[in-house]
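Have a look at the structure below, then the notes.
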Amino acid sequence: MKATGLDDLLDDEDDPFTLFAPTDEAFKQLCGRLKMTEDELLAHPLLLTRILDYHIVPGATIMEEEMDDGLSLPTEARMPPVVGLRQRLAVVRGADDSITIDGWGSDAKVIETDIKACASVIHVVDTVLLPDKLPAQ
């Protein structure tokens, strides 16, 4: 978040959002998938911002109890070439009440929920979700 400047979002008390925050291990796995080191990923803020935008649901704090099966979540990630269209995530509730976030190119299990951060909420996920298109870098 700091490498992209998105960490300021966490301090904003007036602009609520929901963040699906991948674990450090999830980012290590992503680097392996992208064939990059962590430093190389951090050196590409456009790529990192595009990925992180896909983890942010703006304008709402969605708590665990509100994550119903099939809930569609509009993210900060845009759908090129249509500028105003947001890429979406979907909530999948398992029979055991587990929560999976269904994305375009990957799914992530929610492993910790309802962490408050100013006006926002954070849910920890085990995988970095990838949007439909990434910058050519």
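Can you put Asp15, Asp68, Asp126 in order, fewest other beta carbons within 10 Å first?
Asp68, Asp15, Asp126
Two-decimal Rg/Rh of the range 2-125 from alpha-carbon positions, Kirkwood Rh?
Values: Rg = 14.4 Å, Rh = 15.1 Å.
Value, to two decimals: 0.95.
Using R₀ = 35 Å, calculate the FRET efficiency as 1/(1 + (r/R₀)^6) where r is the Cβ-Cβ separation of Thr23 and Arg88; round to 0.05. Walk me through the numbers before you get to the answer.
Details: r = 23 Å, r/R0 = 0.65.
For R0 = 35 Å, the calculated efficiency reads 0.95.
Which aspartates and glutamates, on any chain, are close to Lys35 with Cα under 18 Å apart, when same-chain ones fewer than 8 places away are left out?
Asp24, Glu25
Output the peptides 111-124, 89-102 sorted from most to least packed, where packing is the average of other Cβ atoms within 10 Å over each peptide's residues. If you can, show how the numbers build up before the last one.
Details: 111-124: 16.1, 89-102: 14.4.
The peptides rank, most packed first, as 111-124, 89-102.
Between Asp107 and Leu34, 0.36 nm times their residue separation minus their Cα-Cα distance comes to what?
Details: separation 73, 0.36 × 73 = 26.28 nm, distance 1.64 nm.
Gain on extension, Asp107 to Leu34, equals 24.6 nm.
Each reported figure results from applying straightforward, stated rules to the coordinates on display, with no laboratory input. Owing to the predicted nature of the structure, the values given are computational and were not obtained by experimental measurement. Please note: Cβ atoms are built from the backbone with ideal geometry, for glycine as well, and neighbour counts cover all protein chains shown.
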